[in-house]
Amino acid sequence: MLTTLGIIITGVVLLAILLVIAAYAAGPAFRFWLLDIWADLPFIGTVARLSHMMHPTLKEANERLDKLFRAYHNLIQDPLPKSEYDDVRKYLLLAGDSDSKPTPSGFKLLLFLLMVAEAFTFSFLLGVSISQDITERQANIVAVVLAMVLAGLFGFLSHPAGHAIRRTRVLRTAWNHAIDQGSEMTKGEKSVVELTEMIGLDDPQDRDHPKKHNFDSQRLLNRVRKTPHDRGSYFLSALFILVVLAAGILQFTLRAGSSFVSGALDLPGVGGGQIGQNVPAAANSFFVLIFFLTQGLALYLGYTYGFLGKDSLRAYGIIGGANSHRDYQNEFNRRVKRADESLSSLLNGFKRYPGIAPDKSTYLQRVAALGVAPETQAPESGRPPPKKPGGAASNVTPLSEAKRDGSS
């Protein structure tokens, strides 16, 4: 088997790869957290490195302050005004995603590690069973390769399979209460066409608002279905369950027929007594049960987390999951405060160089200096009301564009 040092090195490398993947795959909130943590680290942190200059000059100090500011500015999206926030929030409410959230990163990491561990033990069994003459090194190579393949397969299928169960259930329930498109609406009501068309995040959310009656199920359908006749499907969920059952049965079969199971437990082999026959079978069943529980957890997380609406993930990213405009604004103010603290720390680091007086502008003042200021600002800044958004240098994004890129 792999040596202890090899296992440690492999674990460190995998953790580093996971952090890099998480940094690029996660949303702006997670990337902001990484940036802010890294900025404050001693010796190797962004502030610590930028505060040391071989040949200190005022120009270099200001350039380094601007570099730190732009790093934060890339991850702090200037907030939408309340009217546009309300439009995005309304889409989530009508799509049935008012309380929906992406799967937490901690759950994803835990599930991935569990699946890798499960897949490794399974793949080692499979590798050993390929040939009676296989060497230990060859078994390790086969195990690692198959572990990655199996973990990727189960991880790829588990979330969409669980989500498909929830989505299909919601869709079919809504279809049972949908508007009969063959009927005529009562006098003064909107036409059937207006009430049953599909609505995206970029469309006016009142387009399918009924004048008289309450058609919540139809309005949900308008935002969740991908085609006019979409009723969902349990195919992927059934496929995932069949794959898991097949893998579990195969593991049980391989373990039951493997001589090293009883050898590892230091027990007599099959035919060596009642204990030798029963204990390995019990241990075998326990391992397979853990495998089923892990895959069941993955399916449950896929069912619980995720979004129903076609554009709900984008909508969630735009407002950062805030349930009110006040929470949305407070999160912006919190990030601005963290950026100002890092800028202040860098300014304090430059005090070691006498005769240099760098620019002491705050984050919001630097945004304004770009030619555009946020629609709103932190109340403690004491600055006059900012100018209206509109400038090439700003990261202020019109709602129509923000909805396309999903930034927050």
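Couplings for the stretch 32-41, taken from phi via the Karplus curve 6.51 cos²θ - 1.76 cosθ + 1.60 with θ = phi - 60°, read 5, 4, 4, 4, 5, 5, 5, 4, 8, 5 Hz in order; Gly and Pro are left as x.
What part of the accessible area of the stretch 189-252, given as a whole %, is carbon or sulfur when the probe is 1.4 angstrom? Exposed carbon and sulfur together represent 65 percent of the surface. Of Tyr85, Tyr303, the residue with the largest accessible area leads and the full order is Tyr303, Tyr85 (1.4 Å probe).
Filter the trypsin sites (Lys or Arg not before Pro) in the stretch 155-215 down to the DSSP loop ones having no more than 13 other Cβ atoms within 10 Å, then list what survives. Taking the stretch 155-215 and a limit of 13 other Cβ atoms within 10 Å, the loop trypsin sites (Lys or Arg not before Pro) found are Lys187, Arg207, Lys211, Lys212.
Partner lysines whose Cα lies under 28 Å from the Cα of Lys310, excluding those fewer than 8 positions away in the same chain, are identified as Lys82, Lys90, Lys101, Lys108, Lys190, Lys211, Lys212, Lys226, Lys403.
Taking all protein chains into account, the per residue accessible area for the stretch 160-261 stands at 55 Å² (1.4 Å probe). Given axes a ≥ b ≥ c from the Cα gyration tensor, I'd like to know whether the stretch 163-224 is rounded (a/c under 1.5), prolate (a/b larger than b/c) or oblate. It is oblate, given that a/c is not under 1.5 and a/b is not larger than b/c. Does the stretch 49-119 come out rounded, prolate or oblate, given a ≥ b ≥ c as the square roots of the eigenvalues of its C-alpha gyration tensor, rounded meaning a/c under 1.5 and, failing that, prolate meaning a/b above b/c? Because a/c hits 1.5 or more and a/b fails to exceed b/c, the stretch 49-119 counts as oblate. For Lys67, the lysines whose Cα falls under 19 Å of its own Cα, not counting residues fewer than eight places away in the same chain, are Lys59, Lys337, Lys351, Lys360. Taking a ≥ b ≥ c as the square roots of the eigenvalues of the Cα gyration tensor, the stretch 49-208 is classed as oblate, since a/c reaches at least 1.5 and a/b does not exceed b/c. Using a probe of 1.4 Å on the protein chains alone, the accessible area found for Glu84 is around 50 Å².
Note that the stretch 335-350 has calculated 3J(HN,Hα) couplings of 5, 4, 4, 5, 5, 5, 5, 5, 4, 5, 5, 5, 4, 5, x, 7 Hz, one per residue in order, obtained from phi through the Karplus relation 6.51 cos²θ - 1.76 cosθ + 1.60 (θ = phi - 60°); glycine and proline are x. Across the stretch 62-74, computed HN-Hα scalar couplings (Karplus, 6.51 cos²θ - 1.76 cosθ + 1.60, θ = phi - 60°) run 5, 5, 6, 5, 5, 5, 5, 4, 5, 4, 6, 4, 5 Hz from first to last residue, x flagging Gly and Pro.
The values are calculated or read from the model by the stated rules, or taken from the named source; none is laboratory data. Please read all numbers here as calculations on a predicted model, not as lab measurements. Reconstructed Cβ throughout: ideal geometry from the backbone, glycine too, with neighbour counts over all protein chains shown. Areas reflect the complete protein model, heavy atoms only, side chains present, ligands, DNA and RNA absent. Shrake-Rupley method; radii C 1.70, N 1.55, O 1.52, S 1.80 Å.
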